[in-house]
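To keep things clear, I will list the structure first and then write my remarks on it.
Values in this text are rule-based calculations from the coordinates and carry no lab data. The structure displayed is predicted, hence computed values, not measured ones. In this analysis, Cβ positions are derived from the backbone assuming ideal geometry, glycine residues included, and neighbour counts consider all displayed protein chains.
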Number of protein chains: 4
Amino acid sequence: MSDKAARKKQYILDTARTVFAKKGFKNVTMKDIVEACDISRGGLYIYFDSTESIFLECLKQSDTSVADPLKGHSAGDALVMFLNELKKEILTKDNDLSAAVYEYLFLKYSDGASSDYFKERYDAKVNILTGILEEGSESGDLYCEDCALTARNIMYTMEGLKIGAATFGVTEKEVDMHLLYILSGLIVEE
Amino acid sequence: MSDKAARKKQYILDTARTVFAKKGFKNVTMKDIVEACDISRGGLYIYFDSTESIFLECLKQSDTSVADPLKGHSAGDALVMFLNELKKEILTKDNDLSAAVYEYLFLKYSDGASSDYFKERYDAKVNILTGILEEGSESGDLYCEDCALTARNIMYTMEGLKIGAATFGVTEKEVDMHLLYILSGLIVEE
Amino acid sequence: MSDKAARKKQYILDTARTVFAKKGFKNVTMKDIVEACDISRGGLYIYFDSTESIFLECLKQSDTSVADPLKGHSAGDALVMFLNELKKEILTKDNDLSAAVYEYLFLKYSDGASSDYFKERYDAKVNILTGILEEGSESGDLYCEDCALTARNIMYTMEGLKIGAATFGVTEKEVDMHLLYILSGLIVEE
Amino acid sequence: MSDKAARKKQYILDTARTVFAKKGFKNVTMKDIVEACDISRGGLYIYFDSTESIFLECLKQSDTSVADPLKGHSAGDALVMFLNELKKEILTKDNDLSAAVYEYLFLKYSDGASSDYFKERYDAKVNILTGILEEGSESGDLYCEDCALTARNIMYTMEGLKIGAATFGVTEKEVDMHLLYILSGLIVEE
DNA sequence: AATGAATGAGCCTTCATTCAT
DNA sequence: TATGAATGAAGGCTCATTCAT
């Protein structure tokens, strides 16, 4: 029973995701979701009590845990792996919720919610990246004068690419070029 | 008389701006604006027919014309001036409409509107910047291998900084550091 | 001054008539008339205080006083003249207010107003017609057994023709045919 | 359940009919109906989305299918039956929607809608009547020179009676008299 | 007289949410 | 659990009418 319920909940989430993908966040009503799922109004309320809770649950399910376990790799490798993670994050359409996510975040932010989401996401990655750069710097694999600054700079660029991808669209090739461009400034040439 | 009307319209815009700044875009209703302005429901409709039209007019009034006339300067100077323009754009709070703008854009984008705004804003600046870099590259003032790529990369970084500024906040010092970081990669050291 | 006022009032009436002709009665707002006349809102209220008063004044001006002075004619001639009056009334487009008039009358009637307009219009004409028929009957010009009934019957037919003309349109030839048809039933054939 | 819904819908229609009967068409608002039905604003919208749709549905329910199957009767009988149908149509008060119907039709007509309703209603009956008259003419039951013209004439008279009934009121006796009057002009006297 | 900005009542419509079944 | 009818608050919009200028 709880199993059946879980499956139904998942079904709602999957269906709702396509709705959010198409219409964004604020433009989606409970009715939209009810109709897309072909269930009853009341039925939906058994599982969720607002479009927001549905949306957030959708998000939770696409949170690719930012790869931290880069340990055991050389700094150069770790850097490449890390950038590849970001690339995936930028290009993934995960049912194209990205624009809806931005919409949601700015909506909440505008409305006075603290913008921890952006800050935390940014900081977490900056920290990992800084670590990699410092390690590479020490080992001589990489070259950078101010690793923390460089890391922040790279992460801003990634953020910009993400916005670009979520709006006007960015090709994989374009992302690759920028990643190489960044790498080329860090790799110690022999 | 038309003068008085213009002043009233401006009063509404100014008042509405503070409302948008506080509550974002979608969360603002005509009623909110009516109450903030302390005018009648119908009175507002004399001047504007939707929150969107009010919002867009607010935006129009904060359009900082992107400095194009960089002519007559050396590439190095032009670059510095250009980046300073961007810095201003990033840090300006113009009554803090930035988050609302992002919210609006993603809302419209989610709803299927083409996101020309982002694309155009990005492209225009990339073009100017590419021009500066190419000129500097030729004259020997600046160093860059692929000016167009470099320009795009810088602009993505700027976009990221802008998002950061609009959400978790970015200090002027932080912006300066990133601008210097970018410059340091371009300036030919003697 | 009063002369100028009268001219302006007439101008408003003439202009309003075209508006009513195009949009009917209830669909016309003070704003419509103000705009058509290109005068100010307040200006209109100096002369009229509702669309209804304007409409009624328009009507008054197209009231073709039903020709009563048929005296001095033979019954046959009087009948022909009378029917011709009706024909004119049926076919006249007097800027095509007819549909608007019906709309207005039914609107008011539905709303509880007494339907004197219809009753009076009908009765007045029935009386005149009855008189003519009786006279003709006595003089031997015309033939009818129950003049009052015949008159009522003819007037119902006229009313029907008028509805037809006001909605799906009726040609002059069609009207003529029906008038002849009616006449043929009354004229004493030698 | 759908049964209950059907009953509620019917209840709304029945209640709305009394409202339209009292106030006409355009003067009725959704609020009027909501209050008459003593249901909630939103509740009404579950079943209907405008006063117009309610009104039209009311009409549909009083559509007396025009008796076509007059076959198998002598022309004289068919004529009498046909006229009796019309009589019923003229006198029926079906909760007195007639004035509202005229109001509605002229309102729509004024507003530019083609008035097919009148035309079709008129034409359909003219055709049936013409058929009867022709048949009677051939069989010698009836007498008329131009059956089509006669039919149109009679139908105009009926239309006029209907207007009269819908506004100032017409007694059954009056209708009977006119029907007899018409018949007397058609029946071949032996 | 004339203007047209301003008012506020009133209607329309949508939606989240509840609740009897 | 599931249903979907029902509610009522909330926002959008229009219009007749007034009034300071």
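In nm, what does the list of distances from residue D:96 to its counterparts in the other copies look like, shortest first, when each label sits 7 Å along Cα to Cβ?
So the label point of residue D:96 gives 3.4, 5.9, 6.3 nm to the other copies.
Under unit Cβ charges (Lys, Arg +1; Asp, Glu -1), what dipole magnitude, rounded to 20 debye, does the stretch B:2-60 have relative to its Cα centre?
Its charge dipole is roughly 80 debye.
With each pseudo-label sitting 7 Å past Cα toward Cβ, what's the residue C:60-residue B:92 distance in nm, one decimal?
6.2 nm
Based on the alpha-carbon set only, what is the convex hull volume of the protein assembly as shown divided per residue, in Å³?
Output value, Cα hull per residue: 259 Å³.
Just to confirm the number: angle between the C-alpha axis of helix D:2-23 and the first principal axis of chain D, 0 to 90 degrees, nearest 10?
70 degrees
Copy-to-copy spacing for residue D:119, label 7 Å out on the Cα-to-C-beta vector, in nm, shortest first?
Reported distances to equivalent positions: 3.6, 4.7, 7.1 nm.
Under 5 Å between amide hydrogens, which residues at least 5 positions from residue A:142 or on another chain qualify, with H placed 1.01 Å from N in the peptide plane?
Correct list: A:137.
Taking 7 Å along the Cα-to-C-beta vector as the label spot, tell me the residue C:81-residue C:148 distance in nanometres, rounded to one decimal.
In this crude spin-label approximation the distance works out to 2.6 nm.
Apply the Karplus curve 6.51 cos²θ - 1.76 cosθ + 1.60, θ = phi - 60°, to the phi angles in the stretch A:34-43 and return the couplings in whole Hz, x for Gly and Pro.
Working through the residues one at a time gives 4, 6, 4, 7, 6, 10, 8, 3, x, x Hz.
Just to check I understand the Karplus step: with θ = phi - 60° and J = 6.51 cos²θ - 1.76 cosθ + 1.60, what whole-Hz values come out for the stretch D:49-56, glycine and proline as x?
Computed from phi, the couplings for the stretch D:49-56 are 10, 6, 4, 4, 5, 5, 4, 4 Hz.
Along the axis that rotates chain A into chain D, which residue of chain A has the nearest beta-carbon, and what is the gap in whole Å?
Smallest Cβ distance to the axis, with its residue: A:42, 3.
Quantify how strongly other chains surround peptide D:115-123 by giving the mean number of their Cβ atoms within 10 Å of each of its Cβ atoms.
3
For the stretch B:94-109, in order, what is each residue's ³J(HN,Hα) by Karplus, 6.51 cos²θ - 1.76 cosθ + 1.60 with θ = phi - 60°, in whole Hz (x at glycine and Pro)?
Couplings: 2, 6, 6, 7, 4, 4, 4, 4, 4, 4, 4, 5, 5, 4, 5, 5 Hz.
Excluding residues on the same chain fewer than 8 positions from residue A:9, give the lysines whose Cα lies under 17 Å from its Cα.
Qualifying lysines at Cα under 17 Å: A:31, A:60.
For the stretch D:57-158, what is the charge dipole size about the Cα centre, in debye to the nearest 20, if Lys and Arg each add +1 at the Cβ and Asp and Glu each add -1 at the Cβ?
That gives the stretch D:57-158 a dipole magnitude of about 240 debye.
For a Förster distance of 41 Å, can you work out the FRET efficiency between the beta-carbons of residue C:14 and residue B:18, rounded to the nearest 0.05?
Efficiency, rounded to the nearest 0.05: 0.25.
Can you give the convex hull volume of the alpha carbon atoms of chain A per residue, in Å³?
Roughly 133 Å³ of hull volume per residue.
Once the other residues with Cβ under 13 Å from the Cβ of residue A:155 are scored (Lys, Arg +1; Asp, Glu -1), what is the net sum?
Summing Lys/Arg as +1 and Asp/Glu as -1 gives -2.
Once each part is reduced to its C-alpha centroid, what is the distance from the stretch D:117-190 to the stretch C:94-171 in angstrom?
17 Å
What are the distances, in nm and sorted shortest first, from the label point of residue D:46 to the label points of the same position in each other copy, with each label point placed 7 Å from Cα along the Cα-to-Cβ direction?
Output for residue D:46: 2.0, 4.3, 5.6 nm, nearest copy listed first.
Under a straight-distance cross-link criterion of Cα-Cα below 17 Å, which aspartates and glutamates are reachable from residue C:108, leaving out those fewer than 8 residues away in the same chain?
C:52, C:57, C:116, C:120, D:96, D:103
Can you work out the FRET efficiency for the pair residue D:4 and residue C:35, with r the C-beta to C-beta distance and R0 = 60 Å, to the nearest 0.05?
0.75
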